[in-house]
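Trainee: Quick one: the structure is below, questions incoming.
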Amino acid sequence: MAGAMQGDDLVRDRPPRPNMQAQTEPEVLNPTSAWLVGCLDQLAEDAARAHAMAQIRRSETTGADRVLANHCLGTAATELGLWDDARSAFLAARDETPADEPRTRARFAAMAGNAALAGGDSAGALVLLVQAREDARAAASAPLQALAAIDEARVLVSLGRDEDALVALDAATGLVPERSEAWLLKATLLRRMDRLAPAQEAIEQAARLAPTNPEIGLEAGVIAVLSGRDEAARQSWQSVIELQPESLAAATAKDYLDQLGPAETMPAPPTPTPTPTPTKEEPSV
């Protein structure tokens, strides 16, 4: 899903191992975590089977076991494109997570919001993503707040609320200024709003943070050409081709360059014709 939360596997939230010996030995998972690992591993082989496993597990368990069953169920439903199922499972996981775990609640709310957006319910997605930001704020987690704000901005754009989306992206870049994705999205939105000067500032910041990201190079070129800087656009798009010549981004860059056409060459200045120096006649004797 576009904008899905990164690193949302609850298994990764386990506390660090307490001593050096444990770091050199295989980690022993408790039965709940072990089941989740097995279910998520099943996704790569057979998402439908993982979906069925999670449904059975959810119907037979309570508490943390049921939360993780919904986690795997939502993830499997996402793989299968069953967006309503995914949304319901992630929302149930969020609601059944204890109130004193707002970080986990924020992640599940954001995942539910992304599923709602993928399913075509932008209004419902917005409600869930606002909830995700509130949970992230309760957890005092700036990265989670920023991620939720980025997803919220995407939803607001889909609803035609560009100004509100810009406010959300301003919040994201303020919370986590080192995250290039937020700057790229901000630049793109400002460019679509015909605010080219601030769009240029945002894309420059994105490029400083992620200089090899081809999406940033593509957007930098679009902003440049709209600002009348054709040569800068050519350089941006050419850099995308050189970085990842076989990628989809490179194909897009080539298309942009074809549309722009070859650079105009300035005619060489005419070579001046030398003026003959008059000869001085010798006096006759």
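Trainee: Checking GLU201 against (1) in contact with an Asp or Glu (Cβ under 7 Å, 6 or more places away or on another chain); (2) surrounded by fewer than 21 Cβ atoms within 10 Å (Cβ to Cβ), which test does it fail?
Mentor: (1)
Trainee: If you don't mind, there's one more thing I want to ask. Would you pick out the residues in the range 79-93 that are surrounded by fewer than 24 Cβ atoms within 10 Å (Cβ to Cβ) and more than 13 Å from GLN55 (Cβ to Cβ)?
Mentor: Scanning the range 79-93 gives GLU79, GLY81, TRP83, ASP84, LEU91.
Trainee: Do the conditions hold for LEU169, that is, is it among the aliphatic types (A, V, I, L, M), in the same structural domain as LEU129 (by TED's automatic domain parsing) and either over 23 Å from the mean Cα position of the chain (by Cα) or at pLDDT 95 or above (or both)?
Mentor: So LEU169 passes the test.
Trainee: Here's something else I'd like to know. All but one of (1) farther than 26 Å from ALA142 by Cβ; (2) of a type in the set (D, E, K, R); (3) at pLDDT below 85 hold for GLU45, so report the exception by its number.
Mentor: All conditions are met except number (3).
Trainee: Just one of ALA136, ALA110, ALA140 is modelled with pLDDT of 95 or more and assigned to a loop (DSSP other than H, G, I, E, B); which is it?
Mentor: Being modelled with pLDDT of 95 or more and assigned to a loop (DSSP other than H, G, I, E, B) holds for just one of ALA136, ALA110, ALA140, which is ALA140.
Trainee: I want to confirm something. Restricting to the range 199-217 and keeping residues that are modelled with pLDDT of 95 or more and among the β-branched types (Val, Ile, Thr), which single residue is farthest from the chain's Cα centre (by Cα)?
Mentor: ILE203
Trainee: Moving on. Going by what's in this entry, would LEU10 be described as at pLDDT 50 or above and surrounded by 16 or more Cβ atoms within 10 Å (Cβ to Cβ)? Give the steps one after another, and end with the answer.
Mentor: Details: at pLDDT 50 or above: no; surrounded by 16 or more Cβ atoms within 10 Å (Cβ to Cβ): yes.
For LEU10, the condition - at pLDDT 50 or above and surrounded by 16 or more Cβ atoms within 10 Å (Cβ to Cβ) - is not met.
Trainee: Considering only the range 260-272, I want to know if a residue exists there that is at pLDDT below 95 and assigned to a helix (DSSP H, G or I).
Mentor: Yes, because at least one residue in the range 260-272 is at pLDDT below 95 and assigned to a helix (DSSP H, G or I).
Trainee: Let me ask you something else. Quick one: in the range 182-195, of everything that is surrounded by fewer than 16 Cβ atoms within 10 Å (Cβ to Cβ) and in contact with a helix residue (DSSP H, G or I) (Cβ under 8 Å, 6 or more places away or on another chain), which residue is nearest to THR252 (Cα to Cα)?
Mentor: Initially, the range 182-195 is screened for residues surrounded by fewer than 16 Cβ atoms within 10 Å (Cβ to Cβ), giving 192-195.
In the following step, the residues that additionally are in contact with a helix residue (DSSP H, G or I) (Cβ under 8 Å, 6 or more places away or on another chain) were identified as 192-193.
Values: ARG192: 18, MET193: 22 Å.
Looking at residues that are surrounded by fewer than 16 Cβ atoms within 10 Å (Cβ to Cβ) and in contact with a helix residue (DSSP H, G or I) (Cβ under 8 Å, 6 or more places away or on another chain), I get ARG192.
Trainee: Test of understanding: among ALA148, ALA172, ALA136, ALA132, which residue is touching a residue at least 40 places away in the same chain (Cβ under 8 Å) and closer than 30 Å to PRO98 by Cβ?
Mentor: Exactly one of ALA148, ALA172, ALA136, ALA132 is touching a residue at least 40 places away in the same chain (Cβ under 8 Å) and closer than 30 Å to PRO98 by Cβ, namely ALA148.
The values are calculated or read from the model by the stated rules, or taken from the named source; none is laboratory data. Computed from a predicted model, the values in this text were never measured in an experiment. Every residue, glycine among them, receives a Cβ derived from its backbone with ideal geometry; neighbour counts consider all protein chains shown.
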